[in-house]
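Engineer: Can you keep this structure in mind? I'll have questions shortly.
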Number of protein chains: 4
Amino acid sequence: MREVARVRVIYGDTDQMGIAYYGNYLRWFEVARNEYLRSAGQSYRAFEAREGLFLPVVEANVRYHRPARYDDVLVIGAEIPAAQLRGASARFEYVIHREDGERVASGYTVHACMTREGGRPVRIPPELRATLLAAEQPQGGS
Amino acid sequence: MREVARVRVIYGDTDQMGIAYYGNYLRWFEVARNEYLRSAGQSYRAFEAREGLFLPVVEANVRYHRPARYDDVLVIGAEIPAAQLRGASARFEYVIHREDGERVASGYTVHACMTREGGRPVRIPPELRATLLAAEQPQGGS
Amino acid sequence: MREVARVRVIYGDTDQMGIAYYGNYLRWFEVARNEYLRSAGQSYRAFEAREGLFLPVVEANVRYHRPARYDDVLVIGAEIPAAQLRGASARFEYVIHREDGERVASGYTVHACMTREGGRPVRIPPELRATLLAAEQPQGGS
Amino acid sequence: MREVARVRVIYGDTDQMGIAYYGNYLRWFEVARNEYLRSAGQSYRAFEAREGLFLPVVEANVRYHRPARYDDVLVIGAEIPAAQLRGASARFEYVIHREDGERVASGYTVHACMTREGGRPVRIPPELRATLLAAEQPQGGS
């Protein structure tokens with residue numbers, strides 16, 4: 001799984017147990033999705049604007065392995081395993097490590113492909129499909 | 001200033017100092033604005049839909065007097081002092097107490113009246129003006 | 001599943017798709033957990049203080065059935081099915097409806113019972129176990 | 001004012017008006033404070049741990065000049081003007097621009113220096129004072 005983003009834990013992310021609040025991981029998964037698509041050559045913003053489609057989350061899952069603390073740098077990996085790219089849905093998988101290598105959390109989000117107006121599920125168009133697969137490939141170099 | 005809303009501080013609102021994070025007070029001010037308008041006989045949602053106008057925040061200020069902690073119930077008062085209802089802007093004022101009477105925070109937000117499409121400032125329409133003044137009046141009674 | 005809490009969706013909960021952001025549901029699950037325990041006769045705050053134990057989340061899952069929108073009132077049900085109350089962990093289940101009865105989301109959180117200091121998993125003490133089971137019972141009655 | 005941090009606006013930062021929610025700016029001010037102190041040669045985490053002191057916010061102010069939108073990169077500048085470094089308090093000032101140079105927001109936060117235990121205000125110790133002034137100086141150069 002490729003590293004796609006880094007975030008630093010701020011005070012506003014922590015709770016009174018002194019660790020990052022469990023809901024914030026879904027924000028960090030979103031940061032990773034955005035960067036994953038950007039690294040594949042298009043931003044999600046451009047995709048939405050051009051296609052009139054969007055990819056709402058229909059399921060999210062997080063496993064919390066070790067706490068993240070204030071000022072920790074979190075390294076987020078993301079991928080769409082080929083087998084998880086279905087006709088009208090796709091599943092992103094994520095792993096979050098601290099910089100020291102400790103695994104903090106892992107999880108996934110499942111996305112449907114929907115028209116903005118009707119809210120109707122549609123097949124993922126070939127261009128997006130190709131992009132999502134391209135993002136999986138190692139970048140650059142032979 | 002009338003009490004318009006109550007919220008209970010959750011884990012997700014606290015930070016590692018064991019107190020409510022300073023950014024969350026702007027959420028609580030929004031909760032109070034919504035309830036203030038509702039108590040005046042219309043929801044902000046209805047206003048936006050009907051008028052094609054909205055009231056974006058152009059300035060926000062918070063003074064933090066005492067910390068709020070996990071599980072505290074916060075009692076939020078809000079008002080628009082008559083002198084703060086200008087032609088094309090309005091200023092809401094807020095005070096937040098704990099249930100035991102301790103003052104936790106106070107502040108204000110300044111709102112412009114804007115068209116949704118053009119993002120142009122416009123005068124506050126008379127109906128909204130009347131509503132905002134009505135909300136100031138004591139409820140019920142003869 | 002008993003209704004344990006109601007929340008109203010504010011602007012700060014929505015995103016630019018005009019629906020509640022997917023990460024906020026974990027906050028609403030927390031609101032429901034807190035109220036569930038309170039209805040069982042003790043607050044989570046009191047439990048933590050007295051026992052030196054806490055119940056960190058080790059897994060969270062949300063399924064998003066229909067969008068929640070600004071100003072919607074969300075009715076949150078929560079329970080710990082008896083079979084989900086294990087030796088050192090417990091699983092809360094949640095369902096969120098709109099007031100009009102539409103199911104918006106469902107999910108669960110799995111919690112370990114840990115000592116605050118050592119971060120060591122321990123068995124759920126009998127008093128808490130009894131409380132969690134009591135919360136399942138219908139309130140009132142003869 | 002020096003640039004100290006960059007953040008990219010995510011879906012979770014926006015609201016249904018399609019712009020960044022007004023409360024999030026206080027998170028971005030915190031990101032900038034953290035980086036400002038780090039660039040001065042110490043992290044806020046290290047300061048808290050060593051000194052047993054912390055710098056809670058006693059007032060915050062934001063002016064919203066233009067909206068920030070999904071996927072915008074925000075460039076955050078921060079400084080403590082020398083005149084704003086008082087005996088027991090300090091005032092950070094912030095300006096946020098989009099990458100294209102448009103000014104999005106500006107504001108300030110006022111911080112008291114407090115002991116962690118007693119919650120008593122104390123004078124800012126000389127080492128921290130020197131650090132805060134050093135952070136103002138241009139980095140590197142001849």
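The values are calculated or read from the model by the stated rules, or taken from the named source; none is laboratory data. Note that the structure is predicted; figures quoted are calculated from it, not measured. With ideal geometry, Cβ positions are generated from the backbone for all residues, glycine too; neighbour counts draw on all protein chains shown.
Engineer: Got at least one residue in region C:120-138 being in a strand (DSSP E or B) and under 12 Å from the mean Cα position of the chain (by Cα)? If you could, list the steps in order and put the result at the bottom.
Structural biologist: Residues of region C:120-138 that are in a strand (DSSP E or B), as a first pass: C:121.
So of that shortlist, the ones also under 12 Å from the mean Cα position of the chain (by Cα) come out as none.
Checked against the condition, which is being in a strand (DSSP E or B) and under 12 Å from the mean Cα position of the chain (by Cα), region C:120-138 yields no hits at all.
Engineer: Scan region D:57-68 and give yes if some residue there is over 28 Å from A:A32 (Cα atoms) and away from chain B (no Cβ under 12 Å), otherwise no.
Structural biologist: No, region D:57-68 contains no residue that is over 28 Å from A:A32 (Cα atoms) and away from chain B (no Cβ under 12 Å).
Engineer: To continue, here is another question. Taking the criterion of being more than 10 Å from every other protein chain (Cβ to nearest Cβ), touching a residue at least 12 places away in the same chain (Cβ under 8 Å) and closer than 27 Å to D:E93 by Cβ, would at least one residue in region B:69-83 satisfy it? Outline the logic, then answer.
Structural biologist: Looking only at region B:69-83, we keep the residues that are more than 10 Å from every other protein chain (Cβ to nearest Cβ), and these are B:73-83.
Checking which are touching a residue at least 12 places away in the same chain (Cβ under 8 Å) leaves us with B:73-82.
Then drop every residue that is not closer than 27 Å to D:E93 by Cβ, which leaves none.
No: zero hits.
Engineer: If you scan region A:40-53, which residues turn out to be hydrophobic (A, V, I, L, M, F, W, C) and more than 10 Å from chain D (Cβ to nearest Cβ)?
Structural biologist: A:A40, A:F47, A:A49, A:L53
Engineer: Considering only region D:1-38, state which residues are among the polar types (S, T, N, Q) and more than 23 Å from D:H111 (Cα to Cα).
Structural biologist: Narrowing region D:1-38 to residues among the polar types (S, T, N, Q): D:14, D:16, D:24, D:34.
Answer for region D:1-38, where residues must be among the polar types (S, T, N, Q) and more than 23 Å from D:H111 (Cα to Cα): D:T14, D:Q16.
Engineer: Being closer than 19 Å to B:Y94 by Cβ and not β-branched (V, I, T) is the filter here, so list the residues in region B:44-68 that pass it.
Structural biologist: Residues satisfying the conditions are B:Y44, B:L55, B:P56, B:E59, B:A60, B:N61, B:R63, B:Y64, B:H65, B:R66, B:P67, B:A68.
Engineer: Return the total of residues in region C:92-112 being closer than 27 Å to C:D72 by Cβ and out of contact with any Gly (no Cβ under 8 Å at 6 or more places or on another chain).
Structural biologist: Narrowing region C:92-112 to residues closer than 27 Å to C:D72 by Cβ: C:92-109.
In the following step, the residues that additionally are out of contact with any Gly (no Cβ under 8 Å at 6 or more places or on another chain) were identified as C:92, C:98-109.
Result for region C:92-112: 13.
Engineer: Do you know which residues across region D:43-82 are closer than 27 Å to B:A105 by Cα, in a helix (DSSP H, G or I) and among the small types (G, A, S)?
Structural biologist: None; the set is empty.
Engineer: Now a separate question. Which ones in region B:87-118 are surrounded by 13 or more Cβ atoms within 10 Å (Cβ to Cβ) and without any contact (Cβ under 8 Å) to a residue 24 or more places away in the chain?
Structural biologist: Residues satisfying the conditions are B:R91, B:H97.
Engineer: Residues being of a type in the set (A, V, I, L, M) and in contact (Cβ under 8 Å) with a residue 60 or more places away in the chain: count how many of those fall in region A:51-68. Let's see the steps before the verdict.
Structural biologist: Initial filter on region A:51-68 (of a type in the set (A, V, I, L, M)): A:53, A:55, A:57-58, A:60, A:62, A:68.
In the following step, the residues that additionally are in contact (Cβ under 8 Å) with a residue 60 or more places away in the chain were identified as A:53.
Number of matching residues: 1.
Engineer: Let me ask another. Looking at region B:13-39 only, could you name the residues that are more than 12 Å from chain D (Cβ to nearest Cβ) and either within 13 Å of the chain's Cα centre (by Cα) or surrounded by fewer than 21 Cβ atoms within 10 Å (Cβ to Cβ) (or both)?
Structural biologist: B:A32, B:N34, B:E35, B:Y36, B:L37, B:R38, B:S39
Engineer: Also: Any idea which of C:E79, C:E59 is surrounded by fewer than 21 Cβ atoms within 10 Å (Cβ to Cβ) and either closer than 13 Å to C:H97 by Cα or at pLDDT 95 or above (or both)? Talk me through it step by step, then tell me what you get.
Structural biologist: Details: C:E79 fails: either closer than 13 Å to C:H97 by Cα or at pLDDT 95 or above (or both).
From the options C:E79, C:E59, the qualifying one is C:E59.
Engineer: Right, something else. Go through the residues of region B:63-74 one by one and say whether even a single one is buried (at least 16 other Cβ atoms within 10 Å of the Cβ) and either within 12 Å of the chain's Cα centre (by Cα) or within 18 Å of D:G18 (Cβ to Cβ) (or both).
Structural biologist: no
Engineer: While we're looking at this one, here's another question. Of all residues being over 20 Å from C:G18 (Cβ atoms) and assigned to a loop (DSSP other than H, G, I, E, B) in region A:89-119, which is farthest from the chain's Cα centre (by Cα)? Just the residue, please.
Structural biologist: Taking region A:89-119 first, the residues over 20 Å from C:G18 (Cβ atoms) are A:89-108, A:110.
Now restrict to residues that are assigned to a loop (DSSP other than H, G, I, E, B): A:99-102.
Values: A:E99: 19, A:D100: 21, A:G101: 19, A:E102: 19 Å.
Across region A:89-119, the extreme among qualifying residues is A:D100.
Engineer: Going through region C:5-42 one residue at a time, which ones are outside any helix (DSSP H, G or I), at pLDDT below 95 and touching a Phe, Trp or Tyr at 6+ places or on another chain (Cβ under 6 Å)?
Structural biologist: C:Q16
Engineer: I want to confirm something. Restricting to region B:123-142 and keeping residues that are surrounded by fewer than 15 Cβ atoms within 10 Å (Cβ to Cβ) and modelled with pLDDT of 80 or more, which single residue is nearest to B:R86 (Cα to Cα)?
Structural biologist: Looking only at region B:123-142, we keep the residues that are surrounded by fewer than 15 Cβ atoms within 10 Å (Cβ to Cβ), and these are B:123, B:125-127, B:130, B:133-134, B:137-142.
Then keep just the ones that are modelled with pLDDT of 80 or more; that gives B:123, B:125-127, B:130.
Values: B:R123: 9, B:P125: 11, B:P126: 12, B:E127: 14, B:A130: 13 Å.
By that ranking, first place goes to B:R123.
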